[in-house]
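Step one of this worksheet: look at the structure below.
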Amino acid sequence: MRPAELESLRRDLERISGIRNVALSAPTRALYGRDLYPKAQVWQRRGEVRYAPDVVVWPGTVDEVQRIVRYARARHLPLTPFGAGSSVVAGAMPLRAGITVDLKRMGRLLSVDLASRRAVVQAGMVGQRLEDELMRSYATLGHFPSSIYCSTVGGWVAARSAGQLSSHYGKIEDMLLGLTAVTGTGDELRVGPERSPGPDLLQLLCGSEGTLAVITDATLSIHPLPTARAMRGFRMRSVAAGVEALRLVFRAGLRPQVLRLYDPLDSLSAGSERQGREERPPRLVAQALGRAASKSLGYALFSPALVNRALDLVPPRSLLVVSFEGDSRATCEEELHAAMDILREGGTDLGEGPARRWYLRRHSQSYKQSAVFAARAWVDTMEVAATWDRVLSVFEAVRRAVYREAMVLCHFSHAYLEGCSLYFTFIGPAPTVQKGEEDYDRAWRAGMQAAQEAGATLSHHHGVGATKARRLPDELGDAGMRLLRLVKRTFDPDGILNPGKLLA
Amino acid sequence: MTAALDSGPAWQATGPDAVLTALAGAPVGQVRFAELPEGTAAVVKPASADDLQRLVSLAQRARGRVLVGPPRLGFVALDLSELDQIERPDEKTCLVQAGSGALLEAVEARAIQAGLTLGPLLPGYRAKRVGGWLAGPTRGERTIPPGRLETAAIALEAVLWDASLYRSKQTPRSATGPDLDHLLLGGEGRFGIVTRATLRLFPRALVEAAAARSVASLKEAIEACHEAAKAGLPPAEARWDRVRGTVEARFTGMGAAARARRFGGQEIGGRKVRAHLEVAGSWRAWHAASPLRPEAFELVALHADGAFGALELVDPAEAERASEHARAIGFAVVSPGRLRPDPAVGWTGAALPLYRELARLADPSGVFAR
Ligand SMILES: Cc1cc2nc3c(=O)[nH]c(=O)nc-3n(C[C@H](O)[C@H](O)[C@H](O)COP(=O)(O)OP(=O)(O)OC[C@H]3O[C@@H](n4cnc5c(N)ncnc54)[C@H](O)[C@@H]3O)c2cc1C
Ligand SMILES: Cc1cc2nc3c(=O)[nH]c(=O)nc-3n(C[C@H](O)[C@H](O)[C@H](O)COP(=O)(O)OP(=O)(O)OC[C@H]3O[C@@H](n4cnc5c(N)ncnc54)[C@H](O)[C@@H]3O)c2cc1C
């Protein structure tokens with residue numbers, strides 16, 4: 001954009017949202033040019049700015065959002081809704097520049113009604129602040145993504161987020177009772193919280209990843225804050241025994257808040273088990289999995305295939321963490337004991353310790369990425385889901401596919417009566433930036449393809465963004481893609497909203 | 001529907017045997033879309049999704065209109081009862097695949113053989129078909145523990161306006177964009193005809209407990225149900241009866257006995273069923289239900305915001321009046337009477353115009369238009 005055009009853009013947007021709420025400075029634009037897509041961290045380390053919006057604006061009201069969208073539409077400017085930029089699939093990156101609309105000024109909890117179990121929240125509210133405020137009313141949303149400190153309600157709804165306690169409370173789409181949004185034509189629409197018979201428009205807007213509308217508020221179901229908890233760690237004989245236990249716990253009608261199984265390698269990284277002598281990981285692996293990645297991680301991983309072979313020697317034991325929360329200690333205990341009867345069939349009771357440690361460190365694990373990049377290695381995660389009949393084959397297929405490029409860790413969380421999600425972490429060496437990027441791309445492609453071919457969905461809770469958009473046709477099929485385009489054309493006829501995402 | 005038919009009669013698509021009747025019009029086997037405006041309605045019974053694809057493709061070219069439901073002027077009414085195959089329920093995943101023409105009671109019978117169940121269904125639903133259950137107003141929803149609504153359909157197959165076959169992936173949840181199944185769920189056939197669905201079943205409860213509590217009025221009965229739903233893990237079913245002056249609740253699964261104890265008192269027996277008004281509504285609507293003057297109610301799918309239910313009326317002739325009144329206090333009336341998505345409930349601003357536009361785009365030639 002030419003300087004004169006930028007200047008008029010600034011003036012026009014300032015007229016809508018005020019002088020203090022529009023920015024075009026280079027640092028701001030660079031900051032909003034990336035999200036937490038791992039490769040963007042590599043670019044940033046190199047000082048590369050690959051994408052940047054022309055301008056960032058912070059609207060304060062729905063009316064301002066409407067005016068900004070109409071303005072962008074009239075000038076054919078791309079518009080990217082931005083929550084907190086924690087997307088790991090390049091969902092919030094402005095691929096075609098234009099206007100980035102950061103919703104964080106619309107960050108208030110509008111109402112809490114615990115009696116009818118509803119809260120109305122503005123889209124830009126950051127997760128932890130929401131929980132803090134709900135807590136004052138002795139309520140909880142029950143949505144605890146690891147990114148709770150750096151993600152917003154709008155981002156959750158837009159990307160179909162899942163929290164750590166989803167086995168009990170469900171994913172964000174299960175909590176969504178209503179929303180207000182501004183479409184690509186600048187029209188405001190409201191759905192819910194009363195349930196209309198017939199089609200559920202909420203489920204079309206949920207997961208729309210900024211491509212159909214800018215979400216401005218959401219009505220979410222809330223729960224009384226639990227006051228009691230009963231928890232346990234188990235060492236399961238094998239991954240298969242662990243997966244079967246997850247299934248049987250659900251089958252028995254139990255819905256624990258926490259139910260997570262770590263594969264042998266991830267069990268070590270979770271570090272929650274006091275290891276006996278025979279369970280100590282090989283030194284190389286221990287180094288690679290050091291609580292904070294050591295400087296020599298890249299060297300330690302010089303040959304992922306070799307490391308993986310060494311890892312095959314790790315005893316196949318898997319850590320399982322289970323916890324029930326509620327309003328009475330007795331009920332939690334009763335439910336825990338019912339679960340323990342099932343878990344004992346496939347594993348050994350380790351007491352409360354591992355579960356306690358899990359609670360303490362539940363949000364810290366995910367924030368180690370930049371340390372890994374600093375240590376001449378790369379890391380990324382891939383979260384998929386499958387029905388129980390396919391879970392183990394997806395697990396094996398992905399490990400096989402990425403064996404040469406990266407060390408593969410996996411945990412199984414977010415369970416349902418019919419299946420669960422598999423959360424893979426890939427860690428590979430990056431002796432040079434270029435080699436690292438090549439291996440990264442190859443590993444990612446191979447892993448994703450293997451998962452899809454084994455019957456898993458493309459994403460369970462990170463969304464599609466830009467990085468998985470090319471694989472979406474395999475997921476939805478031709479007819480599904482046609483329907484999706486049609487929905488896009490209806491909500492955003494000029495295609496200004498978040499171009500390049502979902503629909504590549 | 002004045003365009004000439006350029007590629008043959010309906011039976012070319014489905015075979016002559018599938019064309020059941022042509023009311024007040026051409027004889028069986030001779031139904032032409034182009035002849036329908038003359039007051040002819042036809043009923044066609046496709047034997048497969050393939051048949052249906054060909055039929056829709058033909059209808060499109062001849063600018064004909066197709067619907068699932070009773071025969072209507074100018075439409076080809078589909079009878080999907082041939083699409084009634086039910087696969088063996090999978091005990092491991094608690095899933096079953098069924099054709100959209102399968103009766104829910106038949107699905108339930110198969111489920112029970114495998115130790116599974118569709119869960120509590122209102123009386124009128126037992127005779128419904130899978131397609132109508134899912135495409136109808138309640139979207140095939142039931143409550144799942146700990147007390148939230150979820151549709152029974154985990155994956156769908158449907159024939160779209162362009163005769164293509166849509167198939168969604170069978171996965172417990174996903175984050176792969178908008179959930180497109182929701183164009184078909186509750187869509188009343190506007191976006192396509194459901195031919196097959198994979199349905200979620202529940203394990204049949206190993207633990208069950210029932211309790212009855214004395215109540216003085218419908219109002220008190222609703223209060224008791226609302227309380228139980230709010231506390232999480234609501235009863236699977238609840239019924240109230242004016243004559244008995246009790247509300248009875250059946251709890252299943254973990255802690256059923258404890259929850260039943262918390263709910264009320266003594267054991268209870270069965271009773272006879274009369275005329276029903278089936279509704280879906282928020283607790284606010286339920287709290288205002290007394291003027292409908294029901295003799296009894298039965299609630300299923302109790303959740304924090306409301307419940308589906310059947311109101312039992314003394315005089316079946318009262319049904320029309322009661323259903324009008326039910327709408328007025330915010331209920332969605334499932335039966336008697338056809339239910340249309342009611343924009344007055346829950347949709348404001350651009351929601352309805354957008355939905356209409358979406359339906360128009362999804363069916364440019366109006367094959368599924370009403
Ligand atoms: C360390 C770490 C841990 C994570 N852990 C989890 C986890 O446990 N569970 C989980 O689900 N995810 C997790 N994520 C991913 C990420 O936090 C989620 O995708 C989250 O939902 C994004 O929220 P955000 O507010 O940061 O959105 P952004 O990253 O800003 O945006 C994400 C997408 O949503 C769109 N969007 C944002 N706000 C709006 C709006 N108001 N209206 C319309 N569209 C909008 C954007 O355009 C973009 O397409 C993690 C990420 C990191 C970095
Ligand atoms: C020959 C014939 C005669 C009939 N006569 C009568 C009659 O006299 N009175 C009467 O009330 N009904 C009549 N019907 C209709 C019939 O009772 C049901 O409507 C039909 O069998 C479906 O029943 P349902 O309860 O499963 O769905 P319904 O409750 O009828 O369907 C609910 C909604 O979903 C739509 N729908 C249903 N199935 C699908 C699907 N597979 N895909 C997409 N949308 C779908 C419907 O169009 C409707 O909008 C007749 C049907 C036929 C074929």
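Taking the conditions exactly as written (crowded, with 23+ Cβ neighbours inside 10 Å, at pLDDT 80 or above and either of a type in the set (A, V, I, L, M, F, W, C) or not assigned by TED's automatic domain parsing to the domain that holds A:Leu422 (or both)), does A:Met407 satisfy them or not? Yes.
Here B:Ile193 meets each of (1) out of contact with any Asp or Glu (no Cβ under 7 Å at 6 or more places or on another chain); (2) within 16 Å of ligand 2 (Cβ to nearest atom); (3) closer than 20 Å to B:Leu121 by Cβ with one exception, condition (3).
Rundown of residues vs (1) basic (Lys, Arg); (2) surrounded by fewer than 23 Cβ atoms within 10 Å (Cβ to Cβ), yes/no style:
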position: A:Val42; (1), (2): no, yes
position: A:Arg45; (1), (2): yes, yes
position: A:Val56; (1), (2): no, no
position: A:Gly83; (1), (2): no, no
position: A:Ser87; (1), (2): no, no
position: A:Asp102; (1), (2): no, no
position: A:Arg105; (1), (2): yes, yes
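Taken across the range A:28-44, residues that are more than 25 Å from A:Lys468 (Cα to Cα) and either outside any loop (DSSP other than H, G, I, E, B) or of a type in the set (Asp, Glu) (or both) do occur, with at least one present. The lone criterion from (1) outside the structural domain of B:Ile193 (by TED's automatic domain parsing); (2) surrounded by 16 or more Cβ atoms within 10 Å (Cβ to Cβ); (3) within 19 Å of the chain's Cα centre (by Cα) left unmet by B:Glu108 is number (1).
Scanning the range A:249-261 for residues that are more than 10 Å from chain B (Cβ to nearest Cβ) and either without any contact (Cβ under 8 Å) to a residue 60 or more places away in the chain or more than 24 Å from the chain's Cα centre (by Cα) (or both) yields a single hit, A:Val249.
In the range A:65-76, is there at least one residue being within 14 Å of another protein chain (Cβ to nearest Cβ), crowded, with 24+ Cβ neighbours inside 10 Å and either more than 16 Å from ligand 2 (Cβ to nearest atom) or assigned to a loop (DSSP other than H, G, I, E, B) (or both)? Yes, the range A:65-76 has at least one match.
Tell me, which residue of the range B:320-348 that is open to solvent by 60 Å² or more (accessible area, probe 1.4 Å) and facing chain A (nearest Cβ under 8 Å) is modelled with the highest pLDDT? By that ranking, first place goes to B:Thr348. Summed over the range B:273-299, residues that are open to solvent by less than 10 Å² (accessible area, probe 1.4 Å), out of contact with any Cys (no Cβ under 9 Å at 6 or more places or on another chain) and under 13 Å from B:Arg142 (Cα atoms) total 0.
Conditions (1) within 15 Å of ligand 1 (Cβ to nearest atom); (2) of a type outside the set (A, V, I, L, M), marked per residue:
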| position | (1), (2) |
| --- | --- |
| A:Val394 | no, no |
| A:Ala401 | no, no |
| A:Val408 | no, no |
| A:Gly419 | no, yes |
| A:Pro431 | no, yes |
| A:Lys435 | no, yes |
| A:Ala446 | no, no |
| A:Gly463 | yes, yes |
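Could you tell me whether any residue of the range B:119-126 is hydroxyl-bearing (Ser, Thr, Tyr), in a helix (DSSP H, G or I) and in contact (Cβ under 8 Å) with a residue 12 or more places away in the chain? Within the range B:119-126 (the criterion being hydroxyl-bearing (Ser, Thr, Tyr), in a helix (DSSP H, G or I) and in contact (Cβ under 8 Å) with a residue 12 or more places away in the chain), the answer is yes, since at least one residue qualifies.
Confirm whether B:Ser174 is out of contact with any Ser or Thr (no Cβ under 7 Å at 6 or more places or on another chain), of a type in the set (S, T, N, Q) and open to solvent by 10 Å² or more (accessible area, probe 1.4 Å). No.
Yes/no per residue for (1) open to solvent by less than 40 Å² (accessible area, probe 1.4 Å); (2) within 16 Å of ligand 1 (Cβ to nearest atom); (3) touching a residue at least 40 places away in the same chain (Cβ under 8 Å); (4) over 19 Å from the mean Cα position of the chain (by Cα):
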residue	(1), (2), (3), (4)
B:Ala59	yes, no, yes, yes
B:Pro70	no, no, no, no
B:Phe75	yes, no, no, yes
B:Ile86	yes, no, no, no
B:Thr93	yes, no, no, yes
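Of all residues in the range A:485-501, none satisfies the criterion of being more than 17 Å from B:Arg356 (Cβ to Cβ), away from ligand 1 (no atom under 11 Å from the Cβ), within 11 Å of another protein chain (Cβ to nearest Cβ) and open to solvent by less than 10 Å² (accessible area, probe 1.4 Å). Is it the case, given these coordinates, that B:Gly131 is within 26 Å of B:Val333 (Cα to Cα), of a type in the set (Gly, Ala, Ser), within 16 Å of ligand 2 (Cβ to nearest atom) and not assigned by TED's automatic domain parsing to the domain that holds B:Ala155? Answer is no for this residue. As an exercise: evaluate A:Ala97 against (1) under 20 Å from A:Pro145 (Cβ atoms); (2) within 15 Å of ligand 1 (Cβ to nearest atom) and give the number of the one condition it does not meet. With (1) under 20 Å from A:Pro145 (Cβ atoms); (2) within 15 Å of ligand 1 (Cβ to nearest atom) applied to A:Ala97, the lone miss is (1). The number of residues in the range B:143-160 being within 10 Å of chain A (Cβ to nearest Cβ) and not in a strand (DSSP E or B) comes to 4. Checking each residue in the range A:183-236 for being within 9 Å of another protein chain (Cβ to nearest Cβ) and assigned to a strand (DSSP E or B) picks out A:Thr183, A:Glu188, A:Leu189, A:Arg190, A:Val191, A:Ser221, A:His223, A:Pro224. If you go through the range B:210-228 and keep only what is of a type in the set (Gly, Ala, Ser) and either within 13 Å of another protein chain (Cβ to nearest Cβ) or open to solvent by 40 Å² or more (accessible area, probe 1.4 Å) (or both), you end up with B:Ser214, B:Ala216, B:Ser217.
Screening the range A:166-182 for residues that are in contact (Cβ under 8 Å) with a residue 60 or more places away in the chain and within 7 Å of another protein chain (Cβ to nearest Cβ) and picking the one that is least open to solvent (accessible area, probe 1.4 Å) gives A:Lys171. When A:Val239 is tested against (1) more than 13 Å from chain B (Cβ to nearest Cβ); (2) within 13 Å of ligand 1 (Cβ to nearest atom), only condition (2) is not met. The single residue among A:Val157, A:Val126, A:Val153, A:Val121 that is more than 16 Å from ligand 2 (Cβ to nearest atom), surrounded by fewer than 23 Cβ atoms within 10 Å (Cβ to Cβ) and in contact (Cβ under 8 Å) with a residue 24 or more places away in the chain turns out to be A:Val126. The residues on offer are A:Thr140, A:Thr100, and the sole one that is under 18 Å from A:Ile68 (Cβ atoms) and either outside the structural domain of A:Ala40 (by TED's automatic domain parsing) or not charged (D, E, K, R) (or both) is A:Thr100. Scanning the range A:338-386 for residues that are away from ligand 1 (no atom under 16 Å from the Cβ) and of a type in the set (Asp, Glu), we see that the one that is nearest to A:Gln41 (Cα to Cα) is A:Glu352.
No other residue among A:Ala450, A:Ala479, A:Ala504 is facing another protein chain (nearest Cβ under 9 Å) and surrounded by fewer than 23 Cβ atoms within 10 Å (Cβ to Cβ) apart from A:Ala479.
The values are calculated or read from the model by the stated rules, or taken from the named source; none is laboratory data. Just so we're clear, the structure is a prediction, and the values are computed from it rather than from any experiment. Every residue, glycine as well, gets a Cβ built from its backbone with ideal geometry; the counts of neighbours run over all protein chains shown. Quick note on the areas: whole protein, heavy atoms, side chains included, nothing else; ligands and nucleic acids left out. Shrake-Rupley method; radii C 1.70, N 1.55, O 1.52, S 1.80 Å.
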